[in-house]
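First up is the structure itself, then whatever we jot down about it.
The values are calculated or read from the model by the stated rules, or taken from the named source; none is laboratory data. What you see is a predicted model; the values in this text were computed from it and never measured. Cβ sites come from the backbone with ideal geometry, for glycine too, and all protein chains shown count toward neighbours. These area figures cover heavy atoms from the full protein model, side chains too; ligands, DNA and RNA do not enter into them. Shrake-Rupley method; radii C 1.70, N 1.55, O 1.52, S 1.80 Å.
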Amino acid sequence: MRGVNTAHPGAQQQRRQAGRDREALGRSRGGLSTKVHLLADARSRPLVHVLSPGQRGDTLAYAPLMARLTVPRRRPGPARTRPDRLIADKAYSAAGLRSDLRRRRITATIPVPDDQVRHRVHHGRRGGRPPAFDAEAYKRRNTVERAINRLKDHRAFAMRT
């Protein structure tokens with residue numbers, strides 16, 4: 001008798017998972033939770049948002065955010081799809097994400113988590129050079145926090161703090 005192949009879920013299980021992903025509800029220690037991933041401009045205006053289940057990692061939301069991004073121009077013309085700079089918190093510090101930003105020629109201002117610093121130092125010269133970090137530019141990350149606070153003022157976008 002053969003066992004069940006868990007690597008390839010059945011159609012019913014895939015539909016169930018798709019429904020969960022659409023609802024963006026995830027189980028964690030505190031119960032059901034949802035994360036809001038938001039890109040905002042320098043004036044705290046939301047450009048694009050993605051909802052994800054609370055237990056999912058933040059870097060998984062990077063690709064959908066960048067795919068939906070349009071930056072309005074000051075002059076007439078089509079909207080840009082490449083911002084000048086991306087300022088993010090430590091949760092978005094991943095090698096793949098940084099390499100994609102370099103490929104797109106987008107300046108990244110993302111602090112490196114302590115565990116990544118220790119890993120690089122442990123490897124010595126083979127650990128590579130730390131990524132560039134502009135502390136003055138990182139101070140402007142509060143624009144995203146202000147954009148989320150503006151959204152909290154609307155009942156249609158409800159969240160607990």
Unique match (being closer than 20 Å to residue 148 by Cα and surrounded by 12 or more Cβ atoms within 10 Å (Cβ to Cβ)) among 117, 48, 112: 48
Condition (residue is surrounded by 13 or more Cβ atoms within 10 Å (Cβ to Cβ) and either touching a helix residue (DSSP H, G or I) at 6+ places or on another chain (Cβ under 6 Å) or of a type in the set (S, T, N, Q) (or both)) applied to segment 98-105: is it met by at least one residue? no
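Listed here are the residues, each with its yes/no results for (1) of a type in the set (Asp, Glu); (2) on the phi > 0 side of the Ramachandran plot; (3) modelled with pLDDT of 85 or more.
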residue: 5; (1), (2), (3): no, no, no
residue: 14; (1), (2), (3): no, no, no
residue: 21; (1), (2), (3): yes, no, no
residue: 40; (1), (2), (3): no, no, yes
residue: 50; (1), (2), (3): no, no, yes
residue: 64; (1), (2), (3): no, no, yes
residue: 86; (1), (2), (3): no, no, yes
residue: 98; (1), (2), (3): no, no, yes
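Can you find, within segment 71-93, the residue that is nearest to the chain's Cα centre (by Cα) among those that are surrounded by fewer than 16 Cβ atoms within 10 Å (Cβ to Cβ) and among the small types (Gly, Ala, Ser)?
Initially, segment 71-93 is screened for residues surrounded by fewer than 16 Cβ atoms within 10 Å (Cβ to Cβ), giving 71-82, 84-85, 89-91.
Those left that are additionally among the small types (Gly, Ala, Ser): 77, 79, 91.
On the way: 77: 28, 79: 21, 91: 8 Å.
Applying the filter and picking the extreme gives 91.
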Counting only residues that are touching a residue at least 12 places away in the same chain (Cβ under 8 Å) and among the acidic types (Asp, Glu), how many does segment 120-141 have? 1
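Among the residues of segment 102-119, is any touching a Gly at 6+ places or on another chain (Cβ under 8 Å) and over 21 Å from residue 56 (Cβ atoms)? Break it down into steps so the answer makes sense when it comes.
Step one: filter segment 102-119 for residues touching a Gly at 6+ places or on another chain (Cβ under 8 Å), giving 119.
Still in the list and also over 21 Å from residue 56 (Cβ atoms): 119.
Yes, segment 102-119 contains a residue that is touching a Gly at 6+ places or on another chain (Cβ under 8 Å) and over 21 Å from residue 56 (Cβ atoms).
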Test set (1) touching a Pro at 6+ places or on another chain (Cβ under 7 Å); (2) open to solvent by 80 Å² or more (accessible area, probe 1.4 Å) - residue 56 fails condition number: (1)
Meets criteria (at pLDDT 85 or above and surrounded by fewer than 15 Cβ atoms within 10 Å (Cβ to Cβ)) for residue 68: yes
